[in-house]
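Chemist: Let me give you the structure first, and then I'll get to my questions.
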Amino acid sequence: MSRVRVLVGTRKGAFILTSDGKRQKWDISGPHFAGWEMYHLKGSTVDPNRIFASQCSGWFGQIIQRSDDGGKTWIQPGTPPGEEKGPGGMPKGESNKFVYDTSAETGKPLTTHQFYDGNQHPWEFKRVWHLEPSPTDPDTVYAGVEDAALFRSTDGGKNWQELSGLRGHGTGPRWQPGAGGMCLHTIILDPHDPKRIYIAISAAGAFRTDDGGTTWKPINKGLYSQYIPEPTAEVGHCVHHVAMNTSRPGVLFMQKHWDVMRSDNSGDSWTEVSGNLPTDFGFVIDVHAHEPETIYVVPIKSDGEHFPLDGKLRVYRSKTGGNEWEELAKGLPERDCYVNVLRDAMSVDTLDKCGVYFGTTGGQVYGSADAGDNWMTLAQHLPAVLSVEVQTLP
Amino acid sequence: MIRVVLPGHLRTLAHVSSEVQLEIVGPVTQRSVLDALEAQYPMLRGTIRDHVTQERRPFLRFFACEEDYSLEPPDTPLPDAVASGKEPLLIIGAIAGG
């Protein structure tokens, strides 16, 4: 019988929730890396026991962890060969370097981007927001970082190289940080075209490469953002998240700061599909595993009030690819709920009845085993949830 | 033998339960202590000083013998009491929270 593993990153550690295919009873392990900010954990689809995790701290910086046994044990992938055991038999490892490519040979190095105050500001590495394992090679994984850039490792997370063509393609000086920092938070690898990658940055917008990461172009046509001087600018949009159903890689769905958008031409242009949503501000967006026109968002009141409308936590589902939305409420808080759901904190499983999961800044993790019709609380008192990813296991 | 006391999170990361002891040949300075610490515990590379610039992370401080050595140049000799192992070098995380 299939199983489900939910990887939850929080402000104070990581938690792993597991269940059988019925998804009614859940075991929770953790906290893993207690006390550390765990921005993101994601498993490889090639080798589901391989999980990559971003562990970071304002005090101690960035560390990449990797598990090869489904989250039971972890290593820092930079472990020097032959030095797996240190004094006293304790395991050794090496933290991981994320160094921006400043060489003239491999890119067009940029040194500044726009800061909050409008001045130019040098790129400074802060943390890894998102890890995206390759769908074909368990040793290849991409990392989206703050300040925004894309890195890739081809040796299981030991060494990281920047794909500097993104930062250097020319619009970088117009990128600026959103309230959460200038983060590259979305990485979508086209399963049908290994040279095509989509990424999104807050607040720069969405970008696409068609040559494996060497060259990039902004794909923000159709976005309208009232909070920037030129609302239809090529870059500068605060894209919160982008999602895709792997069966239709040319169709993308976006939760922008305000506005829910879709593209039917690989991001070349976007149209708004907010429709009858009560508010189209939000962070998460995801797509049903088997119904590519069924999408989910969690409406948040506004950019100034990051909590659900009227204190009622609601998921909204569209079965028409947007515009027509239905409220999903069964099992979710009816009152006095003032949490947020952050951009990487929703995911779906691939069981026959698609499961949908999301976590809140209040430390709750909710799940639905029937595509959103009914919800249950999987965890209630975790630290603030930063990310939720799901693995469907045989 | 040089003694170094790490913040709690770094003790967990390095899999040590108390202070660590390091062998150092030559002058005992911030730089030589951190070089030896990172050689013995590579998982700490990048957590105390930046991977590239080698600058101290801003939320960490270096104390010894009830003095703050955080702003001293990295090649300044540490006190004799640290060099002799009588006193530890304390690596302290800035206090945050309420």
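The values are calculated or read from the model by the stated rules, or taken from the named source; none is laboratory data. Note that the coordinates shown come from a computational prediction; the quantities given were computed from them, not determined experimentally. In this analysis, Cβ positions are derived from the backbone assuming ideal geometry, glycine residues included, and neighbour counts consider all displayed protein chains.
Chemist: Going through the range A:204-226 one residue at a time, which ones are free of Cβ contacts under 8 Å to residues at least 40 places away in the same chain and out of contact with any Pro (no Cβ under 6 Å at 6 or more places or on another chain)?
Modeler: A:210, A:211, A:212, A:226
Chemist: Filtering the range B:1-49 down to residues that are under 13 Å from the mean Cα position of the chain (by Cα) and of a type in the set (Asp, Glu), which residue is nearest to residue A:61 (Cα to Cα)?
Modeler: Per the stated criteria, the residue is B:38.
Chemist: For the range A:178-266, which fully contained strands (runs of 3 or more DSSP E) count at least 1 residues that are over 16 Å from the mean Cα position of the chain (by Cα)?
Modeler: Where strands (runs of 3 or more DSSP E) fall fully within the range A:178-266 and carry at least 1 residues being over 16 Å from the mean Cα position of the chain (by Cα), they are A:205-209, A:260-263.
Chemist: Right, something else. Please count how many residues of the range B:11-52 are more than 23 Å from residue A:126 (Cβ to Cβ), within 8 Å of chain A (Cβ to nearest Cβ) and touching a residue at least 40 places away in the same chain (Cβ under 8 Å).
Modeler: Result for the range B:11-52: 0.
Chemist: Follow-up question, since we're still on this one. Can you pull out the residues in the range B:87-98 that are closer than 18 Å to residue B:37 by Cα and either out of contact with any His (no Cβ under 8 Å at 6 or more places or on another chain) or part of a loop (DSSP other than H, G, I, E, B) (or both)?
Modeler: Listed by number, the residues that qualify are B:87, B:88, B:89, B:90, B:91, B:92.
Chemist: Name the residue that is surrounded by the most Cβ atoms within 10 Å (Cβ to Cβ), counting only residues in the range A:230-259 that are closer than 19 Å to residue A:318 by Cα and of a type in the set (S, T, N, Q).
Modeler: Only one residue fits best here, namely A:255.
Chemist: Just checking, which of A:85, A:42, A:92, A:25 is at pLDDT 95 or above, farther than 30 Å from residue A:213 by Cα and of a type outside the set (Phe, Trp, Tyr)? Steps first, please.
Modeler: On the way: A:85 fails: at pLDDT 95 or above; A:42 fails: farther than 30 Å from residue A:213 by Cα; A:92 fails: at pLDDT 95 or above.
The conditions single out A:25.
Let's see how each residue does on (1) surrounded by fewer than 19 Cβ atoms within 10 Å (Cβ to Cβ); (2) in contact with a Pro (Cβ under 7 Å, 6 or more places away or on another chain); (3) among the charged types (D, E, K, R):
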{"residue": "B:41", "(1), (2), (3)": "no, no, no"}
{"residue": "B:47", "(1), (2), (3)": "no, no, no"}
{"residue": "B:54", "(1), (2), (3)": "yes, no, no"}
{"residue": "B:58", "(1), (2), (3)": "yes, no, no"}
{"residue": "B:68", "(1), (2), (3)": "yes, no, yes"}
{"residue": "B:71", "(1), (2), (3)": "yes, no, no"}
{"residue": "B:78", "(1), (2), (3)": "no, no, no"}
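Chemist: Next question. Quick check, is residue B:4 in a loop (DSSP other than H, G, I, E, B) and either out of contact with any helix residue (DSSP H, G or I) (no Cβ under 6 Å at 6 or more places or on another chain) or more than 9 Å from every other protein chain (Cβ to nearest Cβ) (or both)?
Modeler: Against the criterion (in a loop (DSSP other than H, G, I, E, B) and either out of contact with any helix residue (DSSP H, G or I) (no Cβ under 6 Å at 6 or more places or on another chain) or more than 9 Å from every other protein chain (Cβ to nearest Cβ) (or both)), residue B:4 does not qualify.
So that you can scan it fast, the table gives a plain yes or no per residue for (1) closer than 18 Å to residue A:22 by Cβ; (2) acidic (Asp, Glu); (3) surrounded by fewer than 20 Cβ atoms within 10 Å (Cβ to Cβ):
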site	(1), (2), (3)
A:323	no, no, yes
A:326	no, yes, yes
A:349	yes, yes, no
A:355	yes, no, no
A:360	no, no, no
A:365	yes, no, no
A:373	yes, yes, yes
A:388	no, no, no
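Chemist: A follow-up question, please. Starting from the range A:312-338, take each residue that is β-branched (Val, Ile, Thr) and list its partners that are outside any loop (DSSP other than H, G, I, E, B) and modelled with pLDDT under 95, counting only C-beta distances under 8 angstrom and pairs at least six apart or across chains.
Modeler: The qualifying pairs do not exist here.
Chemist: Next question. Take the range B:53-82 and flag every residue that is within 12 Å of another protein chain (Cβ to nearest Cβ) and part of a loop (DSSP other than H, G, I, E, B).
Modeler: B:53, B:55, B:57, B:58, B:59
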